[in-house]
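The values are calculated or read from the model by the stated rules, or taken from the named source; none is laboratory data. As the structure is a prediction and not an experimental result, all values here were calculated from the model. Please note: Cβ atoms are built from the backbone with ideal geometry, for glycine as well, and neighbour counts cover all protein chains shown.
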Amino acid sequence: MKKNTIVEIISALLVFLFLYAALSKLLEFDRFKYQLSQSPFITRISPMVVWVIPISEIFISVALLVRRTRLAGLHAAFFLMLLFTGYIFIMLRYSPYLPCSCGGVLAGLSWKQHFVFNGVFAGLSLAGIALQNSNRDHIKNAFAGKKLNT
Amino acid sequence: MKRSISVVSIAALFAVLSAFAGKVDRQIQWWNVDHPYQGTPGIYQLSATQVKMFYCPGANNVECAYLVNSMGTTIKKPQ
């Protein structure tokens, strides 16, 4: 399979995940706001986080959709997935209780399953970055070679 | 190029459709520890927020309800 195709598939998976998650949160905004306010570590900043998360997810989706901004989108996706995975790890390790704050069908996952799920998507983003970078280098080298030949 | 862009676009379209379709059926089966529901003892169809609001108010410490399909997802209430 071509590297480009793999990057496209990874981008498609990430777009689906982020857009679905963002819209699920926005469609049931009151519920999301309430659940986030129950979270022990972000209670104080939850009024801000409740907007920042879905908006970031939409921005990343748009960046992944446009080919020119895809690499930046992959970086942002990796950073966000790493942040989510870290948050779940801290919750599992140090929180006295676990509130539910997942949008859509993800609410059906346990926190441990969610941790693995996020880890897999963080890994996919990282793989996408590596492949996209190698693709860019390949194109640059090919272009430079062409210039030398002419 | 055209084909590859459409793969990501189709994923975006599916995400939008799934999110809206999911909103229609957001009721999940919960087992409430303290308040068995009449008819089907203990199990009832409510959203996580509804369970939390109706049966487990406040900042949580003790298990109050859990998702029937996924025992790991719990709602807790104060001691």
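Going by the conditions given, is A:R136 modelled with pLDDT of 75 or more and more than 16 Å from the chain's Cα centre (by Cα)?
For A:R136, the condition - modelled with pLDDT of 75 or more and more than 16 Å from the chain's Cα centre (by Cα) - is not met.
Which one of A:L36, A:L19, A:L27, A:L14 is surrounded by 18 or more Cβ atoms within 10 Å (Cβ to Cβ) and facing chain B (nearest Cβ under 7 Å)?
A:L19
Output the number of residues of the stretch A:1-40 satisfying the condition of being without any contact (Cβ under 8 Å) to a residue 60 or more places away in the chain and farther than 25 Å from A:H75 by Cβ.
Summing the residues that are without any contact (Cβ under 8 Å) to a residue 60 or more places away in the chain and farther than 25 Å from A:H75 by Cβ in the stretch A:1-40 gives 8.
Residues A:S39, A:S56: which one is at pLDDT 95 or above, hydroxyl-bearing (S, T, Y) and within 19 Å of A:F117 (Cβ to Cβ)?
Selected residue: A:S56, the only one of A:S39, A:S56 that is at pLDDT 95 or above, hydroxyl-bearing (S, T, Y) and within 19 Å of A:F117 (Cβ to Cβ).
Kindly establish whether A:V66 is within 11 Å of chain B (Cβ to nearest Cβ), farther than 19 Å from A:H114 by Cα and aliphatic (A, V, I, L, M).
yes
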